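To start, the structure under review is shown below, and the notes come after it.
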Amino acid sequence: MELVRATSLEQVDGGIAIHGGTEVVPLLRDGILQTEKLVDIRGVIPRGVAGNRIGAGTTLAELEVDPQVPDALREACRLAASPQLRNMGSIGGNLLQSTRCWYWRLKYPCHLHGGDRCHAREGEHREHAIFANDYCASAHPSDVAAALLALGTRVHTTQRELALEDLYRLPTVEERELVTLAPGELILELELPPVDASVYLKAMDRKRWAFPQVGVAAARVGGETRIALAGVAPVPWLLDGVDGLDAATPLPRTAWKVEVARALVRRAVTSVAAK
Amino acid sequence: MSDVLLTVNGQSYSAYAPVGMSLAQLLREELGFTGTKIACNEGHCGACTVQIDGVPVLSCITLAHNVTGEITTIEGLRDHPLIEAFVEADAVQCGFCTPGQVVSAAALVAATPDPTVDQIRHQMAGNICRCGTYPRIEEAIQKWRG
Amino acid sequence: MARLIRTEKEVEGRFEELWLVVEEDPLQQWPAGPQSVVGRPAVRQDAPERARGEARYTADIQLPGMLHTAVLRSPHAHARVKRIDLAPALALPGVRGALGPGEAQGLDEEAGFAGAPVAAVAADTFAQARAALAAIDVEWEQLEVVLDPDDAIARKQFTSDPVEYARGGFEQALAEADVVVEGTYRTAVVLHNSMETHQAVCDWVGDTLNVYISTQYIWGVRDAVAEALGIPGDKVRVVCEFMGGGFGAKNDPGEYTFIAAELAKRTRRPVHCALTRREENTAAGNRNATIQKLTVGARSDGTIVALGGEFTNAVGWSGWSAGTDGPMQMLYACDNVRTIRYGAKINTPPMKAFRAPGFVEGTFGLECLIDELAAKLDMDPLELRRKNYASANDGKPYSSKNLMQCYELAQKHWDRRDEVRARSDDTWKHGVGMASQIWYGGGGPPSYAWTRVTSDGRVSVITAMQDIGTGTRTAMAQIAAEELGVPLDRVEVVLGDSARGPYATLSAGSSTTPSVGPAVRAAAADVKRQIIEIAAQRHDLEERVIDIKDGMVVSADGNLSQPLEELVGLLEDAQILGKGARGPNPTGMSVLTFGVQVVEVAVDVETGEVRVERVAAAHDVGRIINPLGARSQVEGGIIQGIGHTLSEQRLMDMETGRILTTSLDAYRMPTIADVPEIVCEFVDEPDEHLTSLGSKGLGEPPIIPISAAIANAIRDATGADVHELPITREEMLRALREADEKARERQRESIGAR
């Protein structure tokens, strides 16, 4: 394996991009990712916050204390991962992280790994999805993605500009990849439209350093509130209004998540309404 | 295999190692800095914490070849007042996580010399201690200046 | 003159008889309370090197030419190796040796659980060894798998015969009871997760095997390895000066040691065999799951008249069925008790002792049941416990018992109930709960120590014990300093090397301090006697008027006051040597530890979040040697127990029997952010019948009551009965729903009655 320190965006072609490395390095070690070429992109990805634009190379640790950042995102960063991981991990990388589904991490031949079943559906799924879980029951672990989704974030890549929700897709038999980036395409910047108020609430089983059981972000623009959830579907989940949880399709051992989500959604909506 | 050039605790080191080797492994096995511990080797426990340019990171999931900044390990913090504070507060049981705790704590007090309890708990939450010395660690950090 | 006696020894609640040679032990216990050194806070002598990263753990050992090992483990929950070919692995670069089933103890043809070790490869680097595993060609024959403990019991598939216990007449007493409460309680599998994984480095030097190992029992490793290899015990030297946590899982050598020893023999190179974190969480032991079907019957005045329990330990493929029934038999005065305990042999990873094995689980069930009884009787839970206070253990007197004083210490914390409950609002409900604790912890013989005073007046205590992070090294130094009358910083403790000291017991069962401490005191007394004899001759005084205080040799009349180093300095290179042995425990008495914890919680009734806000602990473990270290033991036990109660749980795929929570993002131990306010108090009353110290062990007691105390606080806050550990949000929300339904039912009944 070779490591290239990129000085221009073209050098990424054909290799795996590495920024903070908090996801790429463990996945390489487990053989879930394989490559002959790693490309360190820290030199070419924008870093820092300028107005409503956030460089994809900005670390979560930088964002959690940045007063320019909307409340929901700041709180999502603050409650994400551990201090060291926040110091290392970039916001762009955070959006691209993989599920914590134990079957996937332990390389069970599941749908996402190209196999023919979802082991979690019939097996141990108490931390899994309550929406869109018929093909793959994994839960998307990014707090930050839920916050950005609620905030209506636009993503600028090396090739295009898109809404954050279009960065993700639900896996199908034909296409099992959860993100829509083309090979070599990199996230450069995130553009956050102004909001009047926002909040992120997170249920976890430790007070710190835990992935979301349920994360709820809400952002209000005038009388309109957008709600997005982490940890409830294979991708970050935009909730169709306060009653959107009625459409949940929990598995036997994830029904509790619906109850938790209801409470947090109620609180989040109340909170942004009052701000 | 390729060369790695590192600055560790203010001194320059070079090693010859395969790309993909973690900073933790290189520090421990090639350079002899065994104060940095490996307990999970996948970025979950904090035992391997070192500072790069003063910022705590997990050396077990940092690629040695990808380090550009200056590294500080526990060996570079042996005279830090936190050591005495940890000893006095009885913040050391089995001690396997302790070097990582001290490295994290040193960065915390450098940025925030008088951290509140909430700040300590927020910034130290990535260092797992199975013996449960946490109340003592909290006390040690509060009293680090003696 | 030495006396040969037959005596009893207990470890983790398991008893055995042994022969023991005892010397007359003339040492009187020190009076209660702090002495010059003992009973006063002392910082750990080895804390600086641990904190600075200078302490060398097994994981840090690098010997010239050392090889690294990877272990091939069964992917199947139950299978037999039909055919195995190691040759392709041996042909790979860097590979220096390989072992198959039967070639080292622990490598077996039959794999009884997913993760069972079957083969091993040693190579120049760990990466090479790991890569070579993939090249091993194995053909498996899959065998029948049993994962459900109830299924195993129905098939009578036990790890050992069921244990029945009865006193009085349970059935009749229950029939006559005014109030009966029944409940089924379940506890999940939890994992030790010592920060340093299980590992050993084996290095043959001539015909001696040096074993560097992360262990709780260097002498036990010595004997087990010698036996496995068929060599004399003194040809095995076991070294463990620093070890990164054990909690019960490191009491024996384990397959990694036998693998390293055999590969070292074959390759003639030092071999390191270390488990990865994921292997650690698969195959290195666990606190097994339990199912407890419990019944209590009481009179309306609160007198408990009947206790019954059916306990199932889901032990796994091997391990032992721990005493989950113990608390029910021992904690309360009750004439009619009947228990049965099953150890289910199933195709899951083996149980290993984990900090008060059995009693942690059994106390959760029993102490929840007692609080549910209190609720039904509408009686104060503390009052109910006082009312059923036991004055003997199954007819045997206690060597000492101060649980009542623990309750007195707890009273002020218990009295905060109204104030705590008043903090509740619509969302967050606050409450207070308590639970008591009984456990062993008296230690026992044999254990030995030597002391050496050199002519500079410095003291070495030499004993082949180990300090697994509990601070026993410092406690031993305090005991020696106290007895000898020298300042603590004059005393060093040499431990962790089976070739450099006499036998000392294992560090398990809260036994190190009560077992080794008296031997250390006796050894210190032995050198002190000799020093006084020397001083008497040197100064022409009677021995009885001479003492050593604060490093000075002094006479009663004050005329002699000479620094110790000046007196023994006469001897130049000569040394004064002492020895001491641990005597027997008191005959016919139960040596037990006691305690109570009072917990304050807050429960978010909408999201099921449970926050432990405050824990007050009062424990009775006899004399406290080092209050600083003792507090840390209590805090550590409570924090580990909070993990067991709220966030830790090993999950397994029920189709394959494979462990799913092998990494620490999925197996979640408490962080510093999860720690409540902890108040720690001790009765600190020496056990007058137990050794020259009157001290019992403290490693385990604090983890025992915490789960039940949390569950009882949840009930106080919300009215919900949680019956499962861990108390996840799912379980909390279920219990809240059940409580709501019950409340509605009661309301309907009362409306109907009207």
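Report whether or not B:Val87 is away from chain A (no Cβ under 14 Å), modelled with pLDDT of 95 or more and surrounded by 23 or more Cβ atoms within 10 Å (Cβ to Cβ).
Answer is no for this residue.
Those residues that are of a type in the set (Gly, Ala, Ser) and in contact with an Asp or Glu (Cβ under 7 Å, 6 or more places away or on another chain), I need them from region C:224-278; list them, please.
Residues satisfying the conditions are C:Ala224, C:Gly233, C:Gly244, C:Gly245, C:Ala264.
From the set of residues in region A:25-42 that are touching a residue at least 40 places away in the same chain (Cβ under 8 Å) and within 19 Å of A:Trp102 (Cα to Cα), which is nearest to the other protein chains (Cβ to nearest Cβ)?
Among those residues, the one meeting the criterion is A:Asp30.
Can you tell me how many residues in region A:173-194 are crowded, with 20+ Cβ neighbours inside 10 Å and in contact with a Leu (Cβ under 6 Å, 6 or more places away or on another chain)?
Result for region A:173-194: 1.
Considering only residues that are outside any strand (DSSP E or B) and acidic (Asp, Glu), which ones fall in region C:575-612?
Scanning region C:575-612 gives a single hit, C:Glu606.
Pairs, please: C-beta under 6 Å, at least 6 apart or cross-chain, first residue touching a residue at least 40 places away in the same chain (Cβ under 8 Å) and in region C:521-544, second assigned to a loop (DSSP other than H, G, I, E, B)?
C:Arg521/C:Ser692; C:Ala525/C:Leu27
Would you confirm, using the coordinates I've provided, whether C:Arg737 is charged (D, E, K, R), away from chain B (no Cβ under 14 Å), over 23 Å from C:Met404 (Cα atoms) and buried (at least 23 other Cβ atoms within 10 Å of the Cβ)?
The answer is no for C:Arg737.
When the residues of region A:1-23 are filtered to those that are in contact with a strand residue (DSSP E or B) (Cβ under 6 Å, 6 or more places away or on another chain), aliphatic (A, V, I, L, M) and touching a residue at least 40 places away in the same chain (Cβ under 8 Å), which remaining residue is farthest from the other protein chains (Cβ to nearest Cβ)?
The residue in question is A:Val12.
Answer yes or no: is there a residue in region B:92-102 that is without any contact (Cβ under 8 Å) to a residue 12 or more places away in the chain, away from chain A (no Cβ under 14 Å), crowded, with 24+ Cβ neighbours inside 10 Å and touching a helix residue (DSSP H, G or I) at 6+ places or on another chain (Cβ under 9 Å).
Yes: one or more hits.
Do we have A:Ala219 as touching an Asp or Glu at 6+ places or on another chain (Cβ under 9 Å), part of a loop (DSSP other than H, G, I, E, B) and either at pLDDT 95 or above or surrounded by fewer than 24 Cβ atoms within 10 Å (Cβ to Cβ) (or both) here?
Taking the combined requirement at face value, the residue does not satisfy it.
Kindly provide the set of residues from region A:26-73 that are in contact with a Gly (Cβ under 8 Å, 6 or more places away or on another chain) and among the small types (Gly, Ala, Ser), ordered by number.
Correct list: A:Gly48, A:Gly55, A:Ala56, A:Gly57.
Starting from residues that are crowded, with 23+ Cβ neighbours inside 10 Å and aliphatic (A, V, I, L, M), keep the ones in region B:64-76 and report whichever is nearest to the other protein chains (Cβ to nearest Cβ).
Checking each candidate, the answer is B:Ile74.
Condition first: at the interface with another protein chain (Cβ under 7 Å from one of its Cβ atoms) and buried (at least 23 other Cβ atoms within 10 Å of the Cβ). Now tell me which residues in region C:648-660 satisfy that.
Matches in region C:648-660: C:Leu660 only.
Only residues that are crowded, with 24+ Cβ neighbours inside 10 Å, within 13 Å of chain B (Cβ to nearest Cβ), outside any helix (DSSP H, G or I) and not β-branched (Val, Ile, Thr): list them for region C:613-647, please.
Within region C:613-647, C:Ala617, C:Asn626 qualify.
State all residues of region B:1-34 that are within 10 Å of another protein chain (Cβ to nearest Cβ) and out of contact with any Leu (no Cβ under 9 Å at 6 or more places or on another chain); if no residue qualifies, say none.
B:Pro18, B:Gln25, B:Arg28, B:Glu29, B:Gly32
Does A:Gly14 satisfy being out of contact with any Phe, Trp or Tyr (no Cβ under 7 Å at 6 or more places or on another chain), part of a loop (DSSP other than H, G, I, E, B) and buried (at least 20 other Cβ atoms within 10 Å of the Cβ)?
no
The values are calculated or read from the model by the stated rules, or taken from the named source; none is laboratory data. Not measured: the values here are computed from a predicted model. A quick note on method: Cβ atoms are made from the backbone with ideal geometry, for glycine too, and the neighbour counts reach across all protein chains shown.
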